[in-house]
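The values are calculated or read from the model by the stated rules, or taken from the named source; none is laboratory data. Note that the coordinates shown come from a computational prediction; the quantities given were computed from them, not determined experimentally. Cβ placement follows ideal geometry from the backbone for every residue including glycine, while neighbour counts extend to all protein chains displayed.
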Amino acid sequence: MVGTETILLGCWLVAVVFFGPNFLALRPAGIFDITIERALFIALLLMLTRSLLRGQVHFSRSLTVEWLMLLFLLLCFLSMVQFGFGTASPGYPSPWFTFLSGYLFPFIVFVYAKWHVVGQRAVRCIFYFVFLAGLYLVLVSPLEFFQLRQYVFPQYINDPTILLHLDRARGPFQNAGLNGLAILFGFLCGVYLTDHKQGIDRGVHIGLLALFFPAIFFTQTRSVYLGFFVVLLGLLFFYRTSFPKWKAFFLPLSLAFLLAAINSPRLAFEERSKGGVMQVDEVKIRFTLMERSIAMIGDQPFRGVGLAQFIPASVQRYKGRYPIPESTTEQTQHNHLLGLAAELGIVGMLIYVGIVGNILVRGSYLIARLRPRNPTLANLPLVLILLMISYLLSAMFLEPSYFLASNATFFTFAGILDGLYDRMMSNGQVDLAEVEGCAISGRPGSARV
């Protein structure tokens, strides 16, 4: 049986995507807004507190990631003390909001997932939640793309007049890049869940996975295309199955090539709404914003300009040196790591890299330990690493720290991966009960390379 703790986490991950303040918010006088996802997050905190008090969370020797997280949060707090907790410009996210949605809440979810999502049943439960959320976005995407928005629920998802969408309604996220990232998350989780399907269920499931390919195109975002390409390469070369992989990929790849052939004349368009990818002006803008970031780092290499202060600092101090057309939005630096270095200094950026790098190294170590015993057992850490890589690729083109949903999902996967590693280090071996059911055939030693 899957525990209540795991189901609660899955419900919160879905709620933070679909059921935030734009869906429903109660605003009692003198109290912060109450939303569905905030109520569920309070329940998560109570559940984690109860586990700590009961001694169910065992802190073992591999706490490097947790200490780095604490150090990073302290650095963020000191930065806000120095530069301010409130927004410097109306309409822009405040440092306090960025601190909560980008780092504090996701780090808490990391600890929660690490100690509560234990065993292959619990992992599959979380993957089902993410897969079904991604599948819903896949089903919504053609309704938006073909202007059938009256059939979309919730309605705010497809309303381009809401500032949330930046005039590009592509799902419940702020922009199409993050919506595409959610679809990538759902696709990877669906691939992993195929391992546990048999007969008709398996055929239906693979058919649903094929729908993710046109949905990726409907996002009309190059960073999503790149992430999907990298994910497919990772699955093709490293994922182990009990049957030739070309059979599983034949239908979706055929659909992808058909779509590309049909739209090939449009790919050279500069207009995103026509399916084009040759938006040269946007590329120039991103390079200009990166130049501003590098200039900030050079001017303040250790202190930075302050958490979430990139936008006002960029506009007020560097606009003349690195001009951007007036009609263009300057609401982001379009590169997370450069943005961290500009806002928190090189030290802050290196700490964050240390957090993510430690988890990726631990996942690679898990794969190296599991693959000689049974290649298919290494599929779980491999998928978790690919999920993290897709997020990191997305973060190279946009600023993710404002968006709780993508950050929380990323650190949920990271917590599951780090938990597997921690239990292996504590016990001297990997508990096969946690990953045995992950083999695509369920039979040890049946994988084909």
Original post:
Tell me, which residue of segment 302-317 that is in contact with a Ser or Thr (Cβ under 9 Å, 6 or more places away or on another chain), of a type outside the set (Gly, Ala, Ser) and not in a helix (DSSP H, G or I) is surrounded by the most Cβ atoms within 10 Å (Cβ to Cβ)?
Top reply: Leu307
Original post:
Is there a residue in segment 150-166 that is at pLDDT 80 or above, buried (at least 16 other Cβ atoms within 10 Å of the Cβ) and among the polar types (S, T, N, Q)?
Top reply: no
Original post:
Could you say whether any residue in segment 200-210 is touching a Phe, Trp or Tyr at 6+ places or on another chain (Cβ under 7 Å), touching a residue at least 60 places away in the same chain (Cβ under 8 Å) and crowded, with 18+ Cβ neighbours inside 10 Å?
Top reply: no
**OP:** Write out, first by first residue and then by second, each pair whose Cβ atoms fall under 6 Å of each other, whose residues are 6+ apart or on separate chains, and whose first residue, in segment 127-152, is hydroxyl-bearing (Ser, Thr, Tyr) while the second is buried (at least 16 other Cβ atoms within 10 Å of the Cβ).
**Re:** Ser141/Ala215; Ser141/Phe218; Tyr151/Leu143
Original post:
Out of the residues in segment 1-37 that are under 16 Å from Leu100 (Cβ atoms) and in a loop (DSSP other than H, G, I, E, B), which is modelled with the highest pLDDT?
Top reply: Thr35
Original post:
Cβ-Cβ below 9 Å, separation at least six or inter-chain, first residue in segment 39-57 and free of Cβ contacts under 8 Å to residues at least 60 places away in the same chain, second surrounded by 13 or more Cβ atoms within 10 Å (Cβ to Cβ) and not in a helix (DSSP H, G or I): which pairs?
Top reply: Leu40/Phe19
Original post:
Within segment 391-435, can you find the residues that are surrounded by fewer than 16 Cβ atoms within 10 Å (Cβ to Cβ), modelled with pLDDT under 55 and outside any loop (DSSP other than H, G, I, E, B)?
Top reply: Leu432, Ala433
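Could you identify the single residue in Leu232, Leu184 that is modelled with pLDDT of 85 or more and closer than 23 Å to Leu143 by Cα?
Exactly one residue qualifies, and that residue is Leu184.
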Original post:
Scanning segment 211-239 for residues that are assigned to a helix (DSSP H, G or I) and polar (S, T, N, Q), which turns out surrounded by the fewest Cβ atoms within 10 Å (Cβ to Cβ)?
Top reply: Ser223
Subject >> Candidates Ser60, Ser94, Ser79, Ser89, filtered to the one that is at pLDDT 90 or above and of a type in the set (Ser, Thr, Tyr) >> reply: Ser79
**OP:** Keeping to segment 309-339, report how many residues are modelled with pLDDT of 75 or more and under 19 Å from Leu178 (Cα atoms).
**Re:** 5
Subject >> Residue ID - surrounded by the fewest Cβ atoms within 10 Å (Cβ to Cβ), chosen from residues in segment 109-146 that are under 18 Å from the mean Cα position of the chain (by Cα) and basic (Lys, Arg) >> reply: Arg124
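With the structure loaded, tell me whether Ile359 is modelled with pLDDT of 70 or more, more than 18 Å from Gly306 (Cα to Cα), within 21 Å of the chain's Cα centre (by Cα) and of a type in the set (Val, Ile, Thr) or whether it fails that test. Even if it seems obvious, please write down each step before you answer.
Working: modelled with pLDDT of 70 or more: yes; more than 18 Å from Gly306 (Cα to Cα): yes; within 21 Å of the chain's Cα centre (by Cα): yes; of a type in the set (Val, Ile, Thr): yes.
Spelling it out, Ile359 is indeed modelled with pLDDT of 70 or more, more than 18 Å from Gly306 (Cα to Cα), within 21 Å of the chain's Cα centre (by Cα) and of a type in the set (Val, Ile, Thr).
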